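First the structure, in the form of structure tokens, and then the observations on it.
No value in this document is a laboratory result; all are computed from the given coordinates. Bear in mind the structure is a predicted one, so any value in this text is a computation, not a measurement. Counting neighbours? That spans all protein chains shown, and the Cβs are built from the backbone with ideal geometry, glycine included.
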Amino acid sequence: MKRYHTNKLYLLACFIVLLACSKKPTDYREFLGGEELVYPGAISNAKVIPGNNRLQLIWQPSPDPSVVKYMVYWNNKADSLTVNSTTHNTSDTVRCTISGLSEYVYSFIIYSYDAKGNRSVATEISNARVYGSVYTATLNNRLSNPENPYTINDDNSVILRFATPDTINIATALKYTSQSGQEVQVSLLPDEDSIKLTDYKFGTPIVYKSSYIPVTGALDTFYTLQNDTFPTIFRLVQCDKSIFSELSLYGDMGIFQSDTRVSKLWDGSVGPQGYPNIFHSDGNSGMPRVLSFDMGKVYNNLGTIEETGRDCCNNPDQFEVWGIADISNAVPELDSRDGGWKAAMQAKGWTLLKEVIRTDNGNAPYKTTLMSNPPPVRYIRIRVLHNANGENNYVNMSEITFWNKE
């Protein structure tokens, strides 16, 4: 009985195989209108290069000689572009630039087509980013070196220093005015941290703008939205001591003797001097004590003072530096020890340029900057508040030097 059932199953299987083999291999044409299904060769190695509201698609062409064009689709095939096929050499590169795109991440589909309209299998490019104003708004100009922005050399050339850029910086373009009054543009590359200007006109602005790319090999360079201004560079020019002259204003301290006059403070001596090659006051009053002098002309940007004490004693370690352009009706008739003297000076138009505090014995040259953006100054008053050795009557100094920022 088992053999009988086995034979029946075998005969049934053979019958089914015969029926299947009776179908022709071209019967699929009934569904294709009698045509063969043809797939032209697809492209290879498709890539995207991002840009500014545009991008570029690149690929190696199909080696299929029947391919006559490529169709590029995006936005769910709502947008398309045709690229004619001009080569089938796979060592060549086809480039397709698509402009007018919004800042967005796109997907693209590329087909190869033959002359009969047959198309290849799809090649898809995803995560194709386009950059624009949003990316540009994130860019900042390269920073100047905060600790040491510039150096002025002895030959009056200037070295500008910058911090390391934090993204893919391409360059920083700088514009400045030369000594001849011409606008000059130079470029600082990303691997450089300094640039030398040999003909810079001191006191004029230096503006700069940096450029970047979002990724290596990007199609476009992006620039920051606005220029930045480099910290103002001034050359310090020593004030001409040959035109300094003594003043005797109300409340000024007297001199010890005729050869220790105030004019000793601009006789060109270097370093702490000994008696009598110094200014030496009388001892007729206690601190604070004041002296005054005329620098001979108005300085519009007085920037630095250096004060040098005597080689031994009675050297100021606390004093005020006052300045004004015109002393007409500008001198308060108050003793410098009066508690209202400072307010009276300000009321008369004087400006406190610096309150100097030394922490040494007052002997050596001491150089310090004055206030930023000072008013024009010609006349100087020095009010000594304290001596380093505690002496309360006599004041000794060897030299005072001023520099103007130009």
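Overview of results
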item	result
Set 175/405; 342/405; 297/348; 69/116; 241/264 screened for pairs whose C-alpha atoms are more than 18 Å apart	175/405; 342/405; 297/348
Gained length - residue 284 relative to residue 228, 0.36 nm times residue gap less alpha-carbon distance	14.6 nm
Computed lengthening from residue 44 to residue 258, 0.36 nm per intervening residue step minus Cα-Cα distance	67.2 nm
Sequence ranges 359-365, 383-389, 145-151, ranked by mean other-Cβ count within 10 angstrom, highest first	383-389, 359-365, 145-151
The stretch 44-130, dipole about Cα centre (Lys/Arg Cβ +1, Asp/Glu Cβ -1), debye to the nearest 20	80
Selection from 113, 287, 123, by position along the positive dipole direction of the chain (Cβ)	113
Cα shape, the chain, gyration tensor, a/c 1.5 rule	prolate
Shape of the stretch 236-374, Cα gyration tensor, a/c cut at 1.5	rounded
Gap separating the Cα centres of the stretch 257-320 and the stretch 208-250, nearest whole Å	34
Length added when fully stretched, residue 81-residue 199, from 0.36 nm per residue minus Cα-Cα	37.2 nm
Within straight-line cross-link reach of residue 209, aspartates and glutamates at Cα separation under 18 Å, skipping those fewer than 8 residues along the same chain	166, 183, 191, 192, 193, 220, 228
Long-range amide H partners of residue 282 with built H, under 5 Å	254, 255, 256
Dipole magnitude of the stretch 136-233, debye to nearest 20 (Cβ charges: Lys/Arg +1, Asp/Glu -1, about Cα centre)	220
Global form of the stretch 297-406, assessed from the alpha-carbon gyration tensor, a/c cut-off 1.5	oblate
Least to most buried among 108, 244, 319 (fewest other Cβ within 10 Å first)	244, 108, 319
